[in-house]
Every structure is written in C-alpha cells, then in structure tokens.
Amino acid sequence: MIMERVLIKNANIVNEGTIFNGDVYIENGVFKEIAPQISAKSPDVQIFDAEGRYLLPGVIDDQVHFREPGLTHKATIATESRAAIAGGITSFIEMPNTVPQATTIEKLEEKFEIAANTSYANYSFMFGGTNDNLEEILKVDPKKVAALKLFLGSSTGNMLVNDPEVLEKIFSSTNLLIAVHCEDEETIRRNTANHISVYGDDIPIELHPVIRSEEACYLSSSQAVELAKKTGARLHVFHLSTAKELELFTNTIPLKEKKITAEVCIHHLWFSDEDYATKGTLIKWNPAVKTAEDREALFQGLLEDKLDVIATDHAPHTAEEKENVYTKAPSGGPLVQHALPAMLEFYHQDKITLEKIVEKMCHNPAILFQIEKRGFIKEGYFADAVLVDINAPWTVNKDNIAYKCGWSPFEGTTFKSRITHTFVNGGLVYKNFKFYDVRHAQRLTFDR
C-alpha cells in the first residue's frame, strides 16, 4: 500500500475554519495541490473517491503514554500507534514516565529508535524533568524534541518535581516548552490518608475526585502559572479538570502569541462523577473526572478558546490491574482510538462544529508545539489526513478495540461517525477497520 501519488476526489475538506468541496493531490508524502477539481496526472495515481465524506487533517495528540520501554505488558509503541491511526490520530507526543524514564538524552534517544522501527504514526517524545537533572535538560535540542514534561503532582512513576528552588531554576533556564501535570501532592496525600483511615484500601471510587480534589488541582495550576509569569517560561498545562482553573487562562490573544496555554482531555469532556457508579475504576484518571458542572464549564472554555487543545492522555493498563481495589487500581485508560469519534458525537449534538474540532485537535497542537508542516491540509505540508463518514454508526466492542489492553471505557457506546481512511505522509495505513502493515511514520520536527 505504499503510494507515491494519491488523488482524493470529491471530499468536503475541513481546514482553517472553512469547509469546501474539492480534490486533494498528494505526491511523495506531501500535499501538492488542493483545488475544486484535479485530474490524474499519470496512470499510476491511486484515486480515492471520497463521495462527499469529510477530509480532516490528521489529528495530533500531544499527550499519550504508550508504555514502552519497560511496561510493555500494558502497551507498546507499535500497538498503540496502530490504535491511534484507527482513531484518525496521525501524530503523537509521548510522555517520559516509562521504565527506564526518559530523563537522560541517551534514554530519550532509545525511545526514538524504537519508534523509528515500530510506529505507525508520526512521533515525538517529551524529555522528563526531575529534581536533579537540570544539566541534562539543558542538553535537549528544542528542534528535535517536543517539550519538557514536569509532574508537579505524582501520577504514574516516580517523577515528582516538588522542590520550589529546582522548579524556579528549570523555568528560568530552559527555552523548551514546559508541559505540566498539576495536582498538589501534599493535598492529595493528606486526603488519601484521611480516606484510608475510614475505608482502608477499598475506598469507594466515587471519592476519587474528593481525594484528587479541585483544591489540589487549582493550587498546583495557579502556582505553575504564577511561576511562568515570573520567569517568562513557555508553559502548557495538561488536562484541566475543573471549572475553577479556567480563570487562570486567557482567550484575548492569538494562540501564536500565548506563553501560557492549556488543554482538556476527552474523558473530562465526556464523563462526570455520576459515571463512577457504572464505570468504576475504568474511569479512574489523574486528574480525576469531576462534576457535571465542571464538565460543562470545560466544554464552554474550549469553545471560548481558554482551552487551546483537545488531547487524550491515553494511558492503558490491563483489565486485571484496573479491577483492583481503589488504592491498588492504577489511574489512566486507553483513548486514542475513540477520541475523534467522541468529539464527532458532540458535533451531532450541536455542541461543537467540525471546524472547531479540527482547530483544537489538528491545527492548534501544530501551532502550540511549532511542529513543522503538519496539522493542516495545505500545499507543501506533509500529507497526514483522515476521511470521516459522518453518518456511519458503529458500536465499540471487543472485536474492534485495537488497544493491547483489550478494553475501552467506551465499550458498548454507539458512535454516529466512522473513520474510514487514515493517511500518514501520503500512505494509506488504515481503511474501514482494516490495518495495512506498512509504516510511513516520521519523527516530528519543530520550527524553533
């Protein structure tokens, strides 16, 4: 399925705030021409008739945990990037809390080598900051690495950065974009201890957002924003989960000019604390899924551009691990295959436009991380693209789940829209639940 020349005809192209019907010609992995009508320029052109389906830029997911190296019983770069292309995600940025952690240049490059050999989607990785690796942080080439990741609240792995002096020095010293997980560790530990004293290890799951509370989130997020303002650092706050945190961010300037940005994840837009009763630890995430009021406020913040990006925080665990009691059940869940279908469901509910979905999932990650020539359907850009049949219902079940862990919090959900084709650098890698065992993926580069 390696294709040098591809012509996609009769597509409703969603790009830069508009939808228009036209054709797209791809040559050598790049968008060469976009026009109302294009004729095949040679007999070896592979032609796809979109038949009025929607053509979107490939989705860029700026926050995933693909578990390799060291945690490959949960997932691998190969399995999860394969699931990602089934969900229309053509590029991902993976987190450093693997085993070993990507907190040295050597360990980071080992992950790049794995991805170069096994990934189905374009890839980059974040470098991990700790309380004692500033010297390594300063070696990172910002043109080749997505960002620096700091855990300001412990989540998965032992990477908590909790020394105020170290934090200020990192914020002051690096030119890298700093991406942060914000939950106040002291608050969480105190809340956890209080609940263990009452329930032991079997704390009711609906108390998760009480333990990892609004207070814990806001305290940490506000401190990170304050430090970024003080030092002039470029800050991106991951996975906001509360209405209160929205007040920390602005929508009064263009994204390219923002030095402090924020994102929301699919699960915080879809689920609320009412869902713990049926989903249990399957929707145990850090930060926690909180109230329906928080969920609606986050959605409004997204529409009002206080939240710049939609991501997944894809973080698979085995079903057996998730079935443990509260204190032993890990936080996180698989999402890359179902993120775009979930957002398209909101489109069907008239909650968001297709143009806004593309802005938040394709354009803005490219702008925010300064990714070279991706995230748009533009002549001269890499040809990452997704065809969507907006009215082709399908139900999530064990037979069509592509994650290595084999489960999804969306199991049993019927989505109205289906990803029919995924192209990575001009190559067809996925079509209607069928994967092609070809790899067109490239390492992301950054215009910095």
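The values are calculated or read from the model by the stated rules, or taken from the named source; none is laboratory data. Given the structure is predicted, the values throughout are model-derived calculations rather than measurements. Because the Cβ atoms are built from the backbone with ideal geometry, glycine has one as well, and the counts that use them run over all protein chains shown. To get the accessible areas, we keep the full protein, side chains included, count just its heavy atoms, and leave off ligands, DNA and RNA. Shrake-Rupley method; radii C 1.70, N 1.55, O 1.52, S 1.80 Å.
Annotations for the structure displayed:
- Within a Gaussian network of the chain (alpha carbon springs, distance under 10 Å), most fluctuating of Val325, Val180, Val198: Val198
- What the Kirkwood sum gives for the stretch 12-164 is a hydrodynamic radius of 17.9 Å, with every pair of different alpha carbons counted.
- Residue-span extension gain [Ser42 to Asp141] - 0.36 nm each, minus C-alpha spacing: 31.5 nm
- In this simple spin-label approximation, Asn397 and Ala277 carry label points 7 Å from Cα along the Cα→Cβ vector, and these lie 2.7 nm apart.
- Spread over its residues, the convex hull of the C-alpha atoms of the stretch 246-289 is 94 Å³ per residue.
- Farthest positive-ward along the chain dipole, Cα basis, beta-carbon charges - from Leu246, Gln442, Phe31: Phe31
- Against the chain, whose longest principal axis comes from its Cα atoms, helix 292-303 is set at around 50 degrees.
- The stretch 276-350 - Rg (one decimal) and Dmax (whole number), Cα, Å: 14.0, 40
- Loop-located chymotrypsin sites (Phe, Trp or Tyr not before Pro) in the stretch 90-159 whose Cβ has at most 10 other Cβ within 10 Å (DSSP): none
- Tail fraction, Cα-Cα pairs, the stretch 82-152, threshold 19 Å, whole percent: 33
- With the convex hull of its Cα atoms as the shape, the stretch 157-260 has an orientation-averaged projected area of 7.8 nm².
- With every protein chain in place, the chain: carbon and sulfur % of accessible area (1.4 Å): 47
- Relative contact order (%) - the stretch 313-394, alpha-carbon pairs under 8 angstrom, separation at least six: 15
- Taking a Cβ cut-off of under 10 Å around Thr291, the surrounding Lys, Arg, Asp and Glu residues balance to a net charge of -4, with basic ones at +1 and acidic ones at -1.
- Ellipsoid fit via the Cα gyration tensor, the stretch 320-419: semi-axes of 29, 19, 13 Å, each the root of five times an eigenvalue, largest first.
- Pairwise FRET efficiency - Val198 versus Gln223, Cβ, R0 = 25 Å, nearest 0.05: 0.30
- Counting 0.36 nm for each residue step from Glu110 to Thr291 and taking away their Cα separation leaves a gain of 61.1 nm.
- Hydrodynamic radius of the stretch 357-406 by the Kirkwood approach over all distinct alpha-carbon pairs: 13.6 Å.
- Sorted largest first, extent of the stretch 377-422 alpha carbons per principal axis (Å): 40, 26, 15
- Compared with the rule-of-thumb size 2.2 N^0.38 Å for a compact globular protein, the chain has a Cα radius of gyration ratio of 0.94.
- Accessible surface, the chain, averaged per residue in Å² (probe 1.4 Å): 37
- Rounded to the nearest 20 debye, dipole of the stretch 58-105 from Cβ charges on Lys, Arg, Asp, Glu: 160
- For the stretch 93-223, the equivalent ellipsoid derived from the Cα gyration tensor has semi-axes of 31, 18, 12 Å, listed largest first.
- Between Gln370 and Leu134, residue separation times 0.36 nm minus the direct Cα-Cα distance comes to 82.6 nm.
- Between 0 and 90°, nearest 10: helix 339-348 axis offset from the chain longest Cα axis: 80
- Projected-area mean, the stretch 182-331, by convex hull of Cα positions, square nanometres: 8.9
- Trypsin sites (Lys or Arg not before Pro) within the stretch 221-287: DSSP coil, no more than 13 neighbouring Cβ in 10 Å: Lys259
- Residues Asn251 and Leu160, FRET efficiency given R0 of 25 Å [Cβ-Cβ distance, rounded to 0.05]: 0.20
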